[in-house]
Amino acid sequence: MSKATSFGIRRSFLEFFSRNGHQVVASSSVVPQNDPSLLFTNAGMVQFKNVFTGLETRDYRRATTSQKCIRAGGKHNDLDQVGFTARHHTFFEMLGNFSFGDYFKEEALHFAWSFLTEELGLPMNRLIVTVYHSDEEAQSIWRKIAGNITIIPISTTDNFWSMGDTGPCGPCSEVFYDHGENVPGGIPGSPDQDGDRYMEIWNIVFMQFEQMQNGERVSLQKKSIDTGMGLERVSAIMQGMLDNYLTDLFREIISEVKSISGTNFVDTYPSYKVIADHIRSVSFLIADGVLPSNEGRGYVLRRILRRAMRHGHLINLRDPFLFKLSDSLVNTMKDAYPELEKARGMISNTIYQEEEKFLITLDRGLKILQNDLKDTPAGSVLDGSRAFKLYDTYGFPLDLTQDILKSENIEVDVAGFEVALQEQKQRTRWAGSGEKTEKKIWLNLREKHGVTDFVGYDADHCNSEVLSLVGENEEEVSRISQGRAFIVTRSTPFYAECGGQCGDTGLIKVSTGTFKVTDTKKYCDGLIVHVGEVDSGYLEMYTQAHLALERERREKIRANHTATHLLQSALRNVLGDHVVQRGSFLNDDRLRFDFSHSSALSADVIKEVETIVNYWIRRDMQLLFRIMTKDEAISAGAMALFGEKYADVVRTVSIIDIDRNNETVSFELCGGTHVATTGHLGMFKIISEASIGSGIRRIEAITGAKVLEYIRQMDDVICSLEGKFHCCMAELPGKIDDLLLDFKRKNREILLNRQMMALERVHEVSQPGGNVYTLIVSDYGADELRSIGDVLHSQKPAGVSIIANHDRGSDKVFLMVRISPDLQEKYHAGHLLQHGLPFIGGKGGGNAASAMGGGFCQDGISTAISTIVAQIL
């Protein structure tokens, strides 16, 4: 494949550094796994942060990656610029090479120059570099490598990088490509540097200092290298384009946008660029486990989706369309990122559901905006808080509001909008995911003892040495004799909580005492820690111990874990391949399984799933466990949990029906414990199914003896009902239906009688502006009040109804205003209501026809009504 294609450039980069002793490391997730302070992975070095800081060691000192990155939301946010520049993206790929205390400046600069000029064949006279103004060493190396290349010293932080206020830092050198004098723009550091002539393509950071708390900067013992080069930018150069969106990374998507919209603007038309960029970011976010929501990463995803939909609206796309483009994106990038192919159905379904929802909110927002315009005459200004409510509540972008109002000769109070926006940003500012970083005690113990040898796949007890004891204050001690504590041993049969499976419990015995294990945790990719309390005597470090887990509890956990694998396969058989696991938790009591699906499961579907799982249980199928590389397992079809971090070598679990030509029922990446054959599950029963979020369903289920216990409880209920209704079980549904029908009939009669009683107390007032009907009642529900208002307008001449209700249970007061259609041009129910609400200490609102509010001041009811009546002139 040509090196000018993006695929060819990516491959050439990785192969070049592989030939030069670098380990090719797969891109990490766009959701940072090791830094909860970051909203998204925004650079190639993120997955190596702990390596650079010394908290983690790897079995290589040189690495190279093509990292998928997101810059939208949080500190690094390019969202609003996308579509209006040649090079801004919410999703991009960063090519990088890294040295962890191995090579330094000379080798790093040599690698960069060699790749650009020899591998890619870029003309040397088109390249210029910047260095930090005091970094004479870098200048000297560049002269040695590149001769008379233009070198520009920069004194700003553009050429000095730091990880934070303290920690590793150092100068950097940037390589720029000169597009030629016919393109506007000046050299870096000049007043015209923001022009397009000189484009930064590679940033090489020399981590050589550590910034101390006292402001001092000291030299690092192990100097490191962190570099980053944007694939989109270098692809544009190699393909002779001034705009990234004209490269092969975007060409197919933009072509399809033109086709489905029936438009044919230039390829750099802003809406085309926004849609092409955003479909990339949303697809990768969903593939890595992010789902639309109203907070955190899910909120950013929803914003990106809605911005893309808004730009679809501008090119006459009124129906869902983004979900169609996701296929083009997957086809373009699946070879480099196989996770996209695995998540193809999930991506498409999630986007489609969001599009359908936004079409509804878009329509609702338009109606609200039109309603607001009734009070905003031409030539005036729409209040910024109203524009922000449309934006924040209904996903209505400011520019869409402005576009609509242009035709009405109305402006938007942008300053007021910005004030409301900044207040909202402060409320929702990303302060971290809430996940805890690994505490230093566990990092130190992992470094000291290495990975704990887990023997629990084949044994439920073992003898081992106590390596470390940690007290309740999470500091290492030499002896524990009471209270909560933590124990690390050389090997253990105890499974640590991971992958949705709970941690094991049991006992650790030494010659001097016993430790009761109440939970088991895993830290730092392999350090297993037993959590619990001293049961008797005392325990000391470096003593021999006997570790025994609760065998019966473990067997129940094994069964429930295997059941989750069978459940996922059954759901995919019944509902389709879009079903993927979104989370799980299981213990000895039950299992909980979260999966992608857009609607509730009917009773028939639940029965069908149960029938399939129980059939597989009766087949007593064998489970096979294999150790494979992650890439081998994924290529062989193993299912993985989206967004989960897996090691390069993984354990796979297959459920095989030997009697049916080794038919594979389930094949997943899984490090948990399982039964030997499915027959050990006994029985399987779904006990609940519900929604837990947009496009996510949750099933809770039980196995084995728990199913029998559940059936007995149902039997007790049925027997009790048979006694109460004096019938057999087969007759119960009919008896219960008759009872419910009778209850509904009597309830309707009661409500009708209450309604008639209320209507008899209506007081009619004739005002110059129309008839007014007032009513004060107690203990009526909101629906009853609305129903009374409906009857009132059907029985009485046109007018305004004002109904107040005092709920004596909560001591709350409700106030409702209804206006008949022929008076709605003259009066607005929501506006009239506002005149009365202060007297009941309330809040509320509504539209022209109907409005309702509530408060707690019963004494103000009469004044509130009379004040509203006085407005009917």
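The values are calculated or read from the model by the stated rules, or taken from the named source; none is laboratory data. Bear in mind the structure is a predicted one, so any value in this text is a computation, not a measurement. Note: ideal-geometry Cβ built from the backbone for every residue, glycine included; neighbour counts use all protein chains shown. SASA here: full protein model, heavy atoms, side chains in, ligands and nucleic acids out. Shrake-Rupley method; radii C 1.70, N 1.55, O 1.52, S 1.80 Å.
Residues in the range 612-619: is at least one within 25 Å of CYS524 (Cβ to Cβ), of a type in the set (A, V, I, L, M, F, W, C) and open to solvent by less than 30 Å² (accessible area, probe 1.4 Å)? Steps first, please.
The first filter runs over the range 612-619 and keeps only residues within 25 Å of CYS524 (Cβ to Cβ), leaving none.
There is no residue in the range 612-619 that is within 25 Å of CYS524 (Cβ to Cβ), of a type in the set (A, V, I, L, M, F, W, C) and open to solvent by less than 30 Å² (accessible area, probe 1.4 Å).
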Taking the residues in the range 150-177 that are of a type in the set (Val, Ile, Thr) and in contact with a strand residue (DSSP E or B) (Cβ under 6 Å, 6 or more places away or on another chain) as candidates, determine which candidate is surrounded by the fewest Cβ atoms within 10 Å (Cβ to Cβ). THR166
Check LYS334, LYS324 and return the single one that is under 25 Å from GLU93 (Cβ atoms), open to solvent by 40 Å² or more (accessible area, probe 1.4 Å) and free of Cβ contacts under 8 Å to residues at least 24 places away in the same chain. LYS334
Report those strands (runs of 3 or more DSSP E) wholly inside the range 584-658 carrying at least 3 residues which are free of Cβ contacts under 8 Å to residues at least 60 places away in the same chain and closer than 21 Å to HIS561 by Cα. 622-629, 649-657
Listed by range, helices (runs of 4 or more DSSP H) wholly within the range 387-489 having at least 3 residues that are within 30 Å of LEU547 (Cβ to Cβ) and either at pLDDT 75 or above or open to solvent by 70 Å² or more (accessible area, probe 1.4 Å) (or both) are 440-449
Does at least one position in the range 525-548 carry a residue that is closer than 18 Å to HIS461 by Cα, open to solvent by 40 Å² or more (accessible area, probe 1.4 Å), charged (D, E, K, R) and touching a residue at least 12 places away in the same chain (Cβ under 8 Å)? no
Checklist (1) outside any helix (DSSP H, G or I); (2) open to solvent by 80 Å² or more (accessible area, probe 1.4 Å) applied to THR673, failing item: (2)
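Is it the case that GLY21 is part of a loop (DSSP other than H, G, I, E, B), open to solvent by less than 60 Å² (accessible area, probe 1.4 Å), in contact with a Pro (Cβ under 7 Å, 6 or more places away or on another chain) and on the phi > 0 side of the Ramachandran plot?
no
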Looking only at residues that are buried (at least 16 other Cβ atoms within 10 Å of the Cβ) and without any contact (Cβ under 8 Å) to a residue 40 or more places away in the chain in the range 793-806, which one is nearest to ILE840 (Cα to Cα)? ASN805
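Quick one: which strands (runs of 3 or more DSSP E) sit completely within the range 129-216 and have at least 2 residues that are modelled with pLDDT of 90 or more and not small (Gly, Ala, Ser)?
150-154, 167-178, 198-211
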Quick check, is SER281 surrounded by 19 or more Cβ atoms within 10 Å (Cβ to Cβ) and in a helix (DSSP H, G or I)? yes
Scanning for something at negative phi, buried (at least 18 other Cβ atoms within 10 Å of the Cβ) and not in a helix (DSSP H, G or I), does the range 294-315 turn up at least one residue? yes
For residues that are part of a helix (DSSP H, G or I) and open to solvent by 70 Å² or more (accessible area, probe 1.4 Å), scanning just the range 358-384, find the one that is nearest to LEU301 (Cα to Cα). ILE360
Scan the range 490-506 for residues that are assigned to a strand (DSSP E or B), surrounded by fewer than 18 Cβ atoms within 10 Å (Cβ to Cβ) and in contact with a His (Cβ under 9 Å, 6 or more places away or on another chain) and jot them down. none
Looking only at the range 734-752, decide whether some residue is in contact (Cβ under 8 Å) with a residue 24 or more places away in the chain, closer than 30 Å to THR774 by Cβ and assigned to a helix (DSSP H, G or I). yes
All positions within the range 217-255 that are assigned to a loop (DSSP other than H, G, I, E, B) and crowded, with 24+ Cβ neighbours inside 10 Å: none
